[in-house]
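Read the structure below first, then the notes.
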Amino acid sequence: MTGAWIANADCRGVDPIFWFPEIGISRRHAINICNSCPVMWECRVYSLSYRLSHGAYWLDGIWGGLTPHDRLNKTKCKELLDEALSMIEKNSERINV
Ligand code: SF4
């Protein structure tokens, strides 16, 4: 992971095994944590940008509440990336008002 947002990640200190449903663990616990994480949108931008710039070599695991399956379709990834960038911008406008 890279970026200052990581310091505020709710998954810090939680067993990372929950973020890898590929190995047979329920995704629900990780997704619940992601959905209330203060840096969920930043985390999504990171993983979706990585997916779009690295072709087939995308990240494993759950990032920003999205599974590898959620990041499979590149067109959908672009839509989700636009949404995440828009949410970060809206949140920053709200903070700066
Ligand atoms: S959104 Fe999920 S994976 Fe991303 S930093 Fe937050 S808790 Fe961790």
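Miscellaneous remarks
- Amide H contacts of Asp10 (H built 1.01 Å from N, under 5 Å, at least 5 apart or other chain): Val39
- Each residue of region 75-82 was assigned a 3J(HN,Hα) from its phi angle through the Karplus expression (A = 6.51, B = -1.76, C = 1.60, θ = phi - 60°), giving 5, 5, 4, 5, 5, 5, 5, 4 Hz with x at Gly and Pro.
- Residue by residue, region 26-36 carries 3J(HN,Hα) couplings of 4, 7, 4, 4, 5, 5, 4, 5, 4, 5, 10 Hz when phi is fed to the Karplus relation 6.51 cos²θ - 1.76 cosθ + 1.60 (θ = phi - 60°); x denotes Gly or Pro.
- Fewest-first ranking of Asp70, Asp15, using other Cβ atoms within 10 Å as the exposure measure: Asp15, Asp70
- FRET efficiency for Lys78 and Asn32, using Cβ-Cβ distance with R0 set to 41 Å, rounded to 0.05: 0.95
- Lysines with Cα under 19 Å of Lys90, excluding same-chain neighbours fewer than 8 positions away: Lys78
We did not get these values from a lab; they are worked out from the coordinates using the rules stated. As the structure is a prediction and not an experimental result, all values here were calculated from the model. Glycine also receives a Cβ, built like all others from the backbone with ideal geometry; neighbour counts cover every protein chain displayed.
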